Structure formats: C-alpha cells, structure tokens
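Data block below; observations after.
The values are calculated or read from the model by the stated rules, or taken from the named source; none is laboratory data. None of the values given here were measured: they were computed from a predicted structure. Glycine also receives a Cβ, built like all others from the backbone with ideal geometry; neighbour counts cover every protein chain displayed. Note: accessible area is taken over every heavy atom of the protein model, side chains too, but ligands, DNA and RNA are not part of it. Shrake-Rupley method; radii C 1.70, N 1.55, O 1.52, S 1.80 Å.
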Amino acid sequence: MSRLIPAPQSNIEELRLKWVLKSVGSGKRNNNNDGGNQEEVLSIGGEHIGRQGEWVLDNPRYISLDDFASMSSGSIQENDILLVKDGATIGKTAIADPLPFIRAAVNEHVFLLRVSDDNCPRYYFYVMQSSSVQDQIWREVRGSAQPGLTSEFRNNVIVPKPSKKIQQEIANYLDHETTRLDALVVAKERILELLRERHQALITRAITRGIDPNVSARASGIPWLGNIPKHWQIERARWLFDERDERSASGDEELLTVSHLTGVTPRSEKQVYMFEAETTEGYKICLKDDLVVNTLWAWMGAMGVAPVNGIVSPSYHVYKLTTRRLYPDFVNELVRLTLFAQEVTRYSKGVWSSRLRLYPEGFFEVFIPVPPKREQEEILSFLQEERHRLHDLETAVERAIALLRERRAALIAAAVNGRIEVKRAA
C-alpha cells in the first residue's frame, strides 16, 4: 500500500522542458468525417481530453487513411503525452499509456510531446498537469483573437528532473493515489445524478398523483397520467386555455426566451449566442402567468409560465388561463415534466422528430389533471421544500467533489516537485 511521508524540500534539478523531450509535433484534420470504419483513423482533438487527463471518446472524429499517411507528424504512439495548445482549454493533458486505440493522430489543436528514453513519460504527464507548469504554460499563450501556444513554449517552461528511478516511483505513487481519488469523484458524481433523478421522479409523482400516499386512486384513461386521485378532474387544454395573439407596437417590452432547461426567463438574464433580430416590433405580447410554448422545441420540453410581463418571438405560441381552478405555478410544474413533453409530441406535426412543431390545435387536445386548489397549494409547498433540500444536498456533494479535486492537484504538485517522499509500506 502506498503512503505519503513529509520530507524536507528536495534539491531536484530543474531544466527547460525541451531537454526532457525527444520531439514536439502536431497534426491536422483535413475532413469532417464523423463516421467510422476500418478505412479511417481516429482524430484526437481537445474535446477528447478530460480535465483530469482522462480520454473522452464518446464523440469520435476521423480522418482518412490517405490523410493519415500524408502527415509528417501527429501519429500517436504509446507513452506520448498530448497537450491542448489553443482555445479555452489550453493545458489539458492526456497520455497514451496504455494506447486506447489501434491507430490515431492528433489534430492541429493538440501537441504531441514525446519524452526522451532516459525519462519516464508518466512522470512528465503528471508534471504537465501540475499547477506550477500549468501556470507557466498559460504565460506562454500568444495572440488575442485566437490565443494559443507555439512549439517555442518548450524553450521557456521549466520542469523538475529527478533520476528516472525516482520519476518511476513518483509516477507509480500518483497512479495509485489519483486512481483512488478519481474513483471517489466518480462515486460522488453518481450520487449527484441519483439525487437529481430521484428529485425528478418525486416532482412527476407529486404533480400527477399528489402527495398523499393513502389517497384512493382511479384509472385516468390517459396513458401518460396513469392512475390519479379519485377526486381529481381531467380536462382538455382547450377548456382551460385560450391563445393570446397580441403584438407589440414598439418592441420595448422585456424580451423573454423559452428553453427546455430553464423554462421562461428574461433574455437579459441569460448568455444567448444565437442571432438576435434587429427589431422586436411585432413580437408577441406575453403577460405574467401566461403559458409560452417554443413551437419548434416543445418536443424537448421548451415551455413554461412567464414570471413577468414581456414579449416573445412571433414563432412561439402564448396561452392565457381561462380558469381560476389552476394555479399558474402548478401549470409551470406540469408542463416542465418530461412526461408532458413526451405527451405533446403525440399532437405535434412534422416528418422528423427534430422538426416537430406544436401548434394550438395540437396543444388544445392534450389532457391536463386539475386537482383541487388546496391540493395544488400543498403540492407546490412540498416541491419548494424538496428543492431546498436537494440544493443543500447538492451543495454538500459538490463541495466534497471540489475538495477531492483540490487534493488531487495538490498531491500532484507536491509529488512531482519532491516536496513529499514516496515510500512503500512493508
């Protein structure tokens, strides 16, 4: 079992990175082939390298054999260190140990660092991840429009160089310890996933069945609802909503946007990179508590109740409640359910699933549960408490994950720089 023993500051030699490398190279990607067959070669870019040095190969890219054969550098060999050299993730690092593919090359956004034979590649993989070297790498970034590293960075970055035997011992120790810490992070991330899944299941049950587990139930006759409390009513949307189709004369009202992630929110509160119209004159008026449906993305759940007065895209549809039997907040919870998005898809029009559109005549056909208002109040209060509880649990787990990652980074920095002594317990 590995253990960590504090040691006096080491006198490890330091030198420029270029003196521990055999070569530095990069590659290219001449086509955008996203397929994958025996006649193609995996093309590795920054998106395929994780923050902790892991491989992220669930969205592979490829180049042809001809392109691969024409490359003068960039072919990945076992023990090569990969370093992202431009873009927002400069400095991310991975190592081909073991080689996780039969044949692959880096693209033009990644450097291949090949360590000389008298050094341990895995040790320098950790060195490149250490905070001191990462800081140096970022100081070597050049350019403003497209910031990045040139191969000259190796002439200026200073790295430690213990003996190869010590390099191997440190690498072995860090392999063991980072694997342990990474496994703990994965376990905590799984806890987060389970918390969120349970929370979604809880919301769905509360909105469609109430919060009293002992209530008498009956078959609703509506597949997506299943059994509901005996005393609840079910009505088509046409008896609960009218379409609002009023237009803004000036376009000066608050612009609202609708997404499947956040429902209806003021555009000013979001970072939106999509094209913005020159004028919003003629946009649809939307009043507080109106239901807004993003017609094109309703199948994904892009709908919700407006929290404020405003305007929305003319391509959206706006509906006003015509009954006092439903609280707007209850409607918002209902339409944000994954089950509800799946249900409205049945009434949407289009040839392909990604091009389905939910028009008023389709929406008005959907059946909606109508609990007594007192129960709606209880459900909304219950969900608010559950969200607070989930937030507290998420915060605690996320803090634990952050501490584990801080521990990992500190461990790497201390080990590669000789500030701790790696021993083997008897």
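If a residue has to be open to solvent by less than 70 Å² (accessible area, probe 1.4 Å) and in contact with a Leu (Cβ under 9 Å, 6 or more places away or on another chain) to count, how many in segment 252-271 make the cut?
The total comes to 4.
Give segment 346-372 a look and list any residue that's in a helix (DSSP H, G or I), surrounded by 17 or more Cβ atoms within 10 Å (Cβ to Cβ) and touching a residue at least 40 places away in the same chain (Cβ under 8 Å), or say none.
Pro360, Phe363
From Asn156, Asn119, which residue is more than 18 Å from Val416 (Cα to Cα) and of a type in the set (S, T, N, Q)?
The match here is Asn156.
Output the number of the condition that Lys165 fails; it satisfies all remaining conditions of (1) open to solvent by 60 Å² or more (accessible area, probe 1.4 Å); (2) within 20 Å of Ile76 (Cβ to Cβ).
(2)
Among residues belonging to segment 28-50 that are modelled with pLDDT of 90 or more and assigned to a loop (DSSP other than H, G, I, E, B), point out the one that is nearest to the chain's Cα centre (by Cα).
Ranking the qualifying residues of segment 28-50, first place goes to Gly50.
Across segment 198-233, what is the number of residues that are more than 35 Å from the chain's Cα centre (by Cα) and farther than 22 Å from Glu386 by Cβ?
8
Among (1) under 26 Å from Thr345 (Cβ atoms); (2) open to solvent by 70 Å² or more (accessible area, probe 1.4 Å); (3) of a type in the set (Gly, Ala, Ser), which single condition is Ala249 missing?
Of the numbered conditions (1) under 26 Å from Thr345 (Cβ atoms); (2) open to solvent by 70 Å² or more (accessible area, probe 1.4 Å); (3) of a type in the set (Gly, Ala, Ser), the odd one out for Ala249 is (1).
Checking Thr89 against (1) crowded, with 17+ Cβ neighbours inside 10 Å; (2) in contact with a Gly (Cβ under 9 Å, 6 or more places away or on another chain); (3) of a type in the set (S, T, N, Q), only one condition comes out false. Which one?
Evaluating Thr89 over (1) crowded, with 17+ Cβ neighbours inside 10 Å; (2) in contact with a Gly (Cβ under 9 Å, 6 or more places away or on another chain); (3) of a type in the set (S, T, N, Q) leaves (1) as the failure.
Somewhere in segment 169-190, is a residue without any contact (Cβ under 8 Å) to a residue 40 or more places away in the chain, open to solvent by 20 Å² or more (accessible area, probe 1.4 Å) and under 30 Å from Phe382 (Cβ atoms)?
Checked against the condition, which is being without any contact (Cβ under 8 Å) to a residue 40 or more places away in the chain, open to solvent by 20 Å² or more (accessible area, probe 1.4 Å) and under 30 Å from Phe382 (Cβ atoms), segment 169-190 yields at least one hit.
Restricting to segment 1-26, name every residue that is at pLDDT 90 or above and not aliphatic (A, V, I, L, M).
Glu13, Glu14, Arg16, Lys18, Trp19, Lys22, Ser23, Gly25, Ser26 - these are the residues of segment 1-26 that are at pLDDT 90 or above and not aliphatic (A, V, I, L, M).
How do the pairs read when you match residues in segment 136-149 that are open to solvent by 60 Å² or more (accessible area, probe 1.4 Å) with residues anywhere that are at pLDDT 90 or above, using Cβ under 7 Å and keeping only pairs 6 or more apart or on different chains?
Within 7 Å, the pairs are Trp138/Ile90; Trp138/Gly91; Arg142/Gly148; Arg142/Thr150; Gln146/Asp86.
Identify, from the list Asp329, Asp392, the residue that is in a helix (DSSP H, G or I), free of Cβ contacts under 8 Å to residues at least 60 places away in the same chain, more than 28 Å from Gln134 (Cβ to Cβ) and under 26 Å from the mean Cα position of the chain (by Cα).
Just one listed residue meets the conditions, Asp392.
Hey, does segment 302-313 have a residue that's small (Gly, Ala, Ser), more than 28 Å from the chain's Cα centre (by Cα), part of a loop (DSSP other than H, G, I, E, B) and more than 30 Å from Pro372 (Cβ to Cβ)?
no
Name the residues in segment 406-426 that are of a type in the set (Lys, Arg) and at pLDDT below 95, would you?
Matches in segment 406-426: Arg419, Lys423, Arg424.
Looking at (1) under 26 Å from Thr338 (Cβ atoms); (2) out of contact with any Ser or Thr (no Cβ under 6 Å at 6 or more places or on another chain); (3) open to solvent by 40 Å² or more (accessible area, probe 1.4 Å), which one does Trp299 not meet, given that it meets all the others?
So Trp299 meets the others, but not (2).
For segment 191-238, give me the residue count where each residue is at positive phi and buried (at least 16 other Cβ atoms within 10 Å of the Cβ).
Count: 1.
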